[in-house]
Amino acid sequence: MNENIFRILAALILFTGIGISSYFRRKADRESGEKISRKVDGTVFMTIIRLGGLVLWLSPLVYLINPAWMTWSKIGLPEWVRWLGIGLGVLCTIGIYWLFSSIGRGITPTSATRKDHQLVTHGPYRWVRHPLYTFGSSMFFAFGMMADNWFIALLGLLAFIGMACRTPKEEANLIEKFGDEYREYMKRTGRFFPKFGS
């Protein structure tokens, strides 16, 4: 199949996800009237996130501009796996809209919570405490499948690991804010994936 078909579909999926995220994040800042400082997670961690984020975002863009520039990390996936990546990317985009529309103005760029943050337990938050990390990193993994590129898929995995490292601090902030309500919420939900059999 023509590489351009996968590039076009991958671009549509990626930029739709980015658009959804940008819209809801700006809306949350505007409606809350509160600007969250990025210093809350510490200079070292935020520097790692910024540098990692730069590589994370540039790699798909490099593929979209010219796939030949990324041939050094081409896998040689069968076409059906690349189509599976398209399907996963579409599901991730739907999940991204679902989680942002559920959390509303509670979304922040750091592990800090807003002053008027309400505990959200509906939408994907009914089963998973941090669906953004799951859907966001899965989106990059799916992009790696679409692009037939192990490096982009690996970046999705590394992004997930990076966010997972920040999660204990984020959950400590939520316990401090919501106390036993959050502890009970933790018992019935999974951190990144739904709990089964409990």
- Query: What 222 nm value per residue comes from the helices of the chain, counting each DSSP H run with n ≥ 4 as -39,500 (n - 2.57) and dividing by all residues, nearest 500 deg cm²/dmol?
  - Reply: -23500 deg cm²/dmol
- Note on the structure: GNM on the chain, Cα springs under 10 Å; top mean-square fluctuation among F160, F15, F135 goes to F15
- Query: Relative to the first principal axis of the alpha-carbon coordinates of the chain, what is the inclination of helix 150-178, with its axis defined by its Cα atoms, in degrees from 0 to 90 and to the nearest 10?
  - Reply: 10 degrees
- Query: Helix 79-103 sits at what angle to the longest principal axis of the chain, using alpha carbons and giving 0 to 90 degrees rounded to 10?
  - Reply: 20 degrees
- Item | Whole-Hz ³J(HN,Hα) from phi, Karplus 6.51 cos²θ - 1.76 cosθ + 1.60, for the stretch 61-72, glycine and proline x | 5, 4, 4, 5, 5, 7, x, 4, 5, 10, 5, 4
- Task: Name the longest site-free stretch of the chain, where the excluded sites are trypsin sites (Lys or Arg not before Pro) in a DSSP loop with no more than 15 other beta-carbon atoms within 10 Å.
- Result: 36-114
- Query: Any idea what angle helix 131-147 forms with the longest principal axis of the chain, computed on alpha-carbon atoms, 0 to 90 degrees, nearest 10?
  - Reply: 0 degrees
- Scan around I75 for amide H atoms under 5 Å from its own, H built in the peptide plane at 1.01 Å from N, and keep only partners 5 or more places away or cross-chain. N149, W150
- Message: Let me check against my output: what whole-number percent is the relative contact order of the chain, with C-alpha pairs under 8 Å and at least 6 apart?
- Response: 28 percent
- Under Stokes-Einstein, the chain at 20 °C and 1.002 mPa s, with its Kirkwood radius over C-alpha pairs, diffuses with a coefficient in µm²/s of 120 µm²/s
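Each reported figure results from applying straightforward, stated rules to the coordinates on display, with no laboratory input. Computed from a prediction, not measured in an experiment: that's the story for all the values here. All Cβ positions, glycine included, derive from the backbone under ideal geometry; neighbour counts span all protein chains shown.
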